[in-house]
Every structure is written in C-alpha cells, then in structure tokens.
Amino acid sequence: MKARIQIENLSFKYPSRPGRSRSYIFRGLSAAFEAGSSVALLGPNGAGKSTLLNLIAGHLKPAEGRALICGADISETPSDEAAKLISVVPQEHHPAFNFTAREMILMGRSPHNGFFGIANESDHEIVGEVSRKTDLEGLLDNEYTKLSGGERKRVLLARAMAQRTPVMLFDEPEAHLDIRHQHMFFKSISGLARDEKKLCVYSVHNPSLALRYSTVIVLMDACGENIIIGPTAEVMTCRNLETAYGIRFAMTREGASGPLLYVDA
C-alpha cells in the first residue's frame, strides 16, 4: 500500500476555559504528503504540533475537516485497521508490565496476528531483522524498563518498524536523547523514508534537526494563523523562522553536510 496523508480543511479547538488564549488551534488546514517524505512539524510551544500529530494518528477528532491516511478517514477507521496504516513512536512509554525488549518489539506484529494474537515464525524473523537495523541484537532479552533512555527509544522504533505500516509518526524523537543519539535516531527516520518509501511525520523542537533531516516542513507560529508548508529548502528561511519564533536566526551554507542554522543572539 502506497503511503499518503491528505489533510482537508482541518480545524481543531479545545473547550473554552479561563486562561486559554485561543479556542481554535488552527483552522482550514489543507495539505498532502507523499511516500518517501520526512515531514517535520516545527514551531514554538503551543503552536499545535502535537495536536496535529494526534489528529493524523486518529487520537483526536477534528472540529471540522478530516485527515485521510492512504485514502481512509482516520477518525472513522477502526483501531485494528488503523494499526495497519499508522505506527506511532511516542515521546515516552511506561508499560504496565515488565516486558523484555524482544516482547516489546514483538507487540508491533499484533495488528497482523488475528484474533488470538499468536506470533509465528515470520513474526520472530521480522523482530530479528528490525533488531539488527536498530542495533538491539544484544539487548533483546533485557528488561525494557532497565534500558537506557536511548535504548528504549530504539526499542520503540524497532516496534514501529516491525508493525510494517506505510505511515510512521514520531512525537518529539529528540526528547531525552543526547546529541549523538538524536542524530542517530533522525538518520534512521530519514533512511526509512528514503530507502523503504515510508511516509514519516514527526514533531520536533530543534530547527537545526528539521533542516538537516526533513524533506518537507510544516512551520507553525504561536497563534496557529500563519502555517507554512513546503519543501525544507523553501520554508526554512531565517525570515520565516523569525516570524514563527520571534527571535533572530542566521544561516551559513558552508557546513560540510549542508547548511548550518543558528540563533543570531
């Protein structure tokens, strides 16, 4: 199944309450994202990045409009069918029971295992394959809760890879990781999009990571009124970033691996 996300006139608002500056997070948002893309949702706190990600995942229902995943309205799709279209790598995960890393990854196969959910030989082969790709082979029998933060992140990535969905969503994949592991994780995401033609969408706080690893940017400002969507090279200008964040940016084109972005304090 070819990956595609189509957002049609999407609007979302939280219930009114004292202290909330605005009810609508965004209104009338339309966009389309294709297989092979790494899409970064970028903007300041409160811009609506997590809200948009949760709407795409089907965890929230829109006030207006819809999000189509591979042609299916995700808010109307049963959870067992949605799990074959979308996999989600959360920012944090605290399992109710103390599973091993192997058991956690194997959970990614559950949408494909029918009513009884019994894993077969093919499922275990897939676990081995994704474990090799995420450098987890030596950790499979370790308790998940006793792994480091970076190792747990890799387990969650492996679980999503084992799920074999055309669309993959990531909630702030850089959170709780040191610089080295941040870049390793984003390289894995961009590789899935480029080499396996997945459609990867992630919320991210660091504009430099978005600049280096994404192919498409959704740049949101604090008011949710000025949303710019397009190829990374076109959207990631200092002027656009300054409008979104309210601070000055500068960029140099002399980086060995591409442009370098920094705050011009």
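Derivation of every value follows stated rules applied to the coordinates shown; laboratory data play no part. Computed from a predicted structure; not experimentally measured. Cβ sites come from the backbone with ideal geometry, for glycine too, and all protein chains shown count toward neighbours.
General observations
- Ranking of Ile74, Ile7 by neighbouring Cβ atoms within 10 Å, starting from the fewest: Ile7, Ile74.
- Cα-centre dipole for the chain with unit charges at Cβ (Lys and Arg positive, Asp and Glu negative), debye to 20: 480 debye
- Restraint check, Lys49/Lys133; Lys61/Lys84; Lys49/Lys187; Lys13/Lys187, Cα-Cα greater than 25 Å: Lys49/Lys133; Lys13/Lys187
- GNM remark for the chain: springs join alpha carbons under 10 Å apart, and the peak mean-square fluctuation among Phe12, Phe186, Phe99 falls on Phe99.
- Where labels lie 7 Å past Cα in the beta-carbon direction, separation of Tyr14 and Cys238 in nm: 3.4 nm
- Ordered by the count of other Cβ atoms within 10 Å of each Cβ, fewest first, Glu129, Glu137 give Glu137, Glu129.
- Protection-proxy order for peptides 39-52, 190-203, each taking the mean of Cβ atoms within 10 Å per residue, highest first: 39-52, 190-203
- Taking the three principal axes of the alpha carbon atoms in the chain, the coordinate ranges are 53, 44, 37 Å, sorted in descending order.
- Separation in nanometres of the label points that stand 7 Å from Cα toward Cβ, at Glu64 and Thr252: 4.7 nm
- Listed by Cβ neighbour count within 10 Å, with the fewest neighbours leading, Tyr14, Tyr245 appear as Tyr14, Tyr245.
- Under the simplified labelling scheme, the Arg132-Lys146 pair shows an inter-label distance of 2.7 nm, with each label point 7 Å from Cα along Cα→Cβ.
- Contact order relative to length of the chain, as percent, for alpha carbon pairs under 8 angstrom and 6 or more apart: 25 percent
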